[in-house]
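Q: Structure below; questions to follow.
Derivation of every value follows stated rules applied to the coordinates shown; laboratory data play no part. A quick note: this is a predicted structure, and the numbers were derived from the prediction, not measured. Every residue, glycine among them, receives a Cβ derived from its backbone with ideal geometry; neighbour counts consider all protein chains shown.
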């Protein structure tokens, strides 16, 4: 991951003297609703979580996604398909937009 950070010019907290703000996922819950819970996964009782480490550019776009954890590969693909719907406020360093890394965690639970 260190190579990717360098490749994309990821800013770290140490580089920001006063103000360091991580990217914000504005509509994460709406994305979960939009991508839905596939009926076959419901029938199989599949639930769990998926975590990605994302590199987000100065415009709030995902430059790179690294899978950290997934309870099921089908959930992984479901989350990947939802990336395009994410509305991301880019991170900032000293008051200016900056390319940063931030984790995204999505949880899938079956309700009774």
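Q: When the helix-only estimate is applied to the chain (DSSP H runs of n ≥ 4, each -39,500 (n - 2.57), divided by the residue count), what is the mean residue ellipticity at 222 nm, nearest 500 deg cm²/dmol?
A: Result for the chain, helices only: -7500 deg cm²/dmol.
Q: On to the next question. Give the dimensionless ratio obtained when the Cα radius of gyration of the range 1-51 is divided by 2.2 N^0.38 Å.
A: 1.81
Q: Continuing with the same structure: Starting from the Cα of residue 24, step 7 Å along the direction of its Cβ; do the same at residue 40; then give the gap between the two resulting points in nm.
A: It works out to 3.9 nm between the two label points.
Q: Given a 10 angstrom Cα cut-off, can you work out which residue in 60, 91, 45 is the most mobile in a GNM of the chain?
A: Fluctuation is largest for 45.
Q: Using Cα pairs under 8 angstrom and six or more residues apart, how large is the relative contact order of the chain, in percent?
A: The normalised contact order for the chain reaches 41 percent.
Q: Moving to a separate point now. Which residue fluctuates the most in the chain, going by a Gaussian network model with Cα springs under 10 Å, if the choices are 72, 63, 19?
A: For the chain, modelled as a Gaussian network with Cα springs under 10 Å, the answer is 19.
Q: In nm, what is the difference between 0.36 nm times the number of residues separating residue 109 and residue 2 and their Cα-Cα distance?
A: 35.2 nm
Q: Using Cα springs under 10 Å in a Gaussian network model of the chain, which residue among 83, 52, 17 shows the largest mean-square fluctuation?
A: Judging by the Gaussian network model, the answer is 17.
Q: For the range 2-108, what does the equivalent ellipsoid look like in terms of its semi-axes, each the square root of 5 times an eigenvalue of the Cα gyration tensor, given largest first in whole Å?
A: For the range 2-108, the ellipsoid semi-axes come out as 29, 14, 10 Å.
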